[in-house]
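The values are calculated or read from the model by the stated rules, or taken from the named source; none is laboratory data. Predicted, not measured: the structure shown is a model, and the values here were computed from it. Cβ placement follows ideal geometry from the backbone for every residue including glycine, while neighbour counts extend to all protein chains displayed.
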Amino acid sequence: MADLSARVRAEVRELKPYQAGKPIEDVQRELGISRVVKLASNEYPEGPFPEAIEAIERELGQLNRYPDPGSYELGHAVAEVYGITPEEVFFGNGNNEILELLIHLLAEPGQEVLYATPSFPIYGLICQTHYKVGRAVPLDANWVHDLPAMAEAVNERTRLVFICNPNNPTGTYVTGEQVAAFMDRVPSDVVVVLDEPYVEFVTAEDYADWFSLRDSYPNLVSLRSFSKTYSLAGLRIGYLLGSEEIVSLLHRVRQPFNVNRLAQAAAAASIRARERVAQRRRENRRRMDHLQKGMQELGVEVLPSQTNFFLAMVEKEIPDFFDRLLHEGVIVRPMQQFGTGERSFRVNTGTDEENEFFLRALGRVLRGEDRS
Ligand SMILES: *Cc1c(COP(=O)(O)O)cnc(C)c1O
């Protein structure tokens, strides 16, 4: 057989594929343990809203039909909730499809897409396969986006900037004032993306809200997701809020049926349930405070976070730390691919009971009393 890998572009050959959080089923199968708690992919621990489940059930008998290519119902639902027009909303097969479409739409070979590091590894991966257009700017000493340094890095080749806010994996955020000061320094034909899939969890009052900045900066867009607060990660649906111009350009480069029927129905039902979203924000904050205190009591350093996860650092490097937690039935996220160092890991909130299970397991591993 011909050597196909020799035929693909060098940047694809060199690529290190994305390592997703380990699925629960894999750990159960590989280690033969039944109780496994996954706190590795920032998913919400409880299932979708009852309204979403009902909407999905109503759609099931019609799965022989293609979905609405214009996501009419969903577009109107989102527009109504946020007080904008349906022409200012764009949907994708997960937020991640949209960020890929943005890069394909805007960056030609030789041009640049800016993002921070350590941040969400998908930005770098997509840029790598798209003519290596990516350029990373380090976070500052407090693990926060260094927006002045990013503004400095913008040049005539820059087409797109990603600001992950709050940032994955650090949980840190930039304020509205800081984003505005950054936007004042960026040319108006550079599209700036606030990637904010955790925005529904944020409680900080000085957080940058896209709605308060959009009138001053039409080149600013917000990328959001139904994967986190709304518990629809398995359905794959995310959305962009932005100017009609950016939205209409994105429609040109997407596939006609990129958002499936179940996702459209479930998302429309979920976005309307504002009281449930507010309730989850409060519930998550309570669980975060508990998790933070529990880890600190075990001597683990934890960065303050506005999301549903923490970047945590153990005092000294523990050999096989991740494997030892796996044997205890706990999946957290190792951080090699994110670049926050060997002593760090990312953990998200589970149910109260799962959080206790995790803290007990972590304590045993830190004291060397674990089963491996
Ligand atoms: C979880 C996450 C997303 C969500 O992506 P989906 O494709 O909608 O599941 C996007 N960006 C970041 C930084 C995330 O952490």
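Summary table
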read-out	value
Within region 323-340, tally of residues that are in contact with a strand residue (DSSP E or B) (Cβ under 7 Å, 6 or more places away or on another chain) and more than 19 Å from Asp289 (Cβ to Cβ)	8
Residue list for region 70-95, restricted to those being within 15 Å of the ligand (Cβ to nearest atom) and either of a type in the set (A, V, I, L, M, F, W, C) or over 30 Å from His130 (Cβ atoms) (or both)	Leu74, Val78, Val89, Phe90, Phe91
Pick from region 284-305, criterion touching a residue at least 60 places away in the same chain (Cβ under 8 Å) and touching a strand residue (DSSP E or B) at 6+ places or on another chain (Cβ under 7 Å), ranking: nearest to Ser119 (Cα to Cα)	Leu303
Candidates Ser248, Ser270, filtered to the one that is in contact (Cβ under 8 Å) with a residue 40 or more places away in the chain, away from the ligand (no atom under 16 Å from the Cβ), touching an Asp or Glu at 6+ places or on another chain (Cβ under 8 Å) and among the polar types (S, T, N, Q)	Ser248
Single match in Glu73, Glu87, Glu80 (criterion: touching an Asp or Glu at 6+ places or on another chain (Cβ under 6 Å), surrounded by fewer than 17 Cβ atoms within 10 Å (Cβ to Cβ) and closer than 30 Å to Arg272 by Cβ)	Glu87
Pairs with Cβ under 7 Å, 6+ apart, first in region 211-225 and at pLDDT 95 or above, second within 16 Å of the ligand (Cβ to nearest atom) and charged (D, E, K, R)	Ser222/Glu196; Leu223/Asp195; Leu223/Glu196; Arg224/Glu196
Failed criterion for Thr172 (all others in (1) farther than 26 Å from Ala263 by Cβ; (2) within 12 Å of the ligand (Cβ to nearest atom) hold)	(2)
Single unsatisfied condition, Arg281 versus (1) over 23 Å from the mean Cα position of the chain (by Cα); (2) touching a residue at least 24 places away in the same chain (Cβ under 8 Å)	(1)
Filter pass, Pro118 being of a type outside the set (Val, Ile, Thr) and buried (at least 18 other Cβ atoms within 10 Å of the Cβ)	yes
Lone unmet requirement of (1) farther than 24 Å from Val161 by Cα; (2) in a loop (DSSP other than H, G, I, E, B); (3) within 25 Å of the chain's Cα centre (by Cα) for Glu25	(2)
Residue that is nearest to the ligand (Cβ to nearest atom), among those in region 20-43 that are surrounded by 14 or more Cβ atoms within 10 Å (Cβ to Cβ) and of a type in the set (Lys, Arg)	Lys38
For Glu11: the one exception among (1) within 16 Å of the ligand (Cβ to nearest atom); (2) in a helix (DSSP H, G or I); (3) within 25 Å of Thr158 (Cα to Cα)	(1)
Options Ile98, Ile122: the member that is within 16 Å of the ligand (Cβ to nearest atom), at pLDDT 95 or above, of a type outside the set (Gly, Ala, Ser) and farther than 24 Å from Ala180 by Cβ	Ile122
One residue from Val154, Val133, Val191, Val186 being in contact with a Cys (Cβ under 9 Å, 6 or more places away or on another chain) and more than 16 Å from the ligand (Cβ to nearest atom)	Val133
Every pair of residues 6+ apart whose Cβ atoms lie under 6 Å, when the first sits in region 165-177 and is closer than 18 Å to Thr349 by Cα while the second is within 11 Å of the ligand (Cβ to nearest atom)	Pro166/Tyr198; Pro166/Thr307; Asn167/Ser119; Asn168/Phe120; Pro169/Phe338; Pro169/Arg346; Gly171/Thr307
Test: residue in region 44-64 that is in contact with a Lys or Arg (Cβ under 8 Å, 6 or more places away or on another chain), surrounded by 12 or more Cβ atoms within 10 Å (Cβ to Cβ) and in a loop (DSSP other than H, G, I, E, B)	yes
Members of region 191-210 found to be touching a residue at least 24 places away in the same chain (Cβ under 8 Å) and either over 18 Å from Ser119 (Cβ atoms) or in contact with a Leu (Cβ under 6 Å, 6 or more places away or on another chain) (or both), listed by number	Val191, Val192, Val193, Asp195, Glu200, Thr203, Ala204, Asp206, Asp209, Trp210
Residue in region 59-66 that is outside the structural domain of Leu311 (by TED's automatic domain parsing), among the small types (Gly, Ala, Ser) and more than 16 Å from the ligand (Cβ to nearest atom) present	yes
Failed item, numbered, when Asp370 is tested on (1) out of contact with any Ser or Thr (no Cβ under 9 Å at 6 or more places or on another chain); (2) within 30 Å of Asp140 (Cβ to Cβ)	(2)
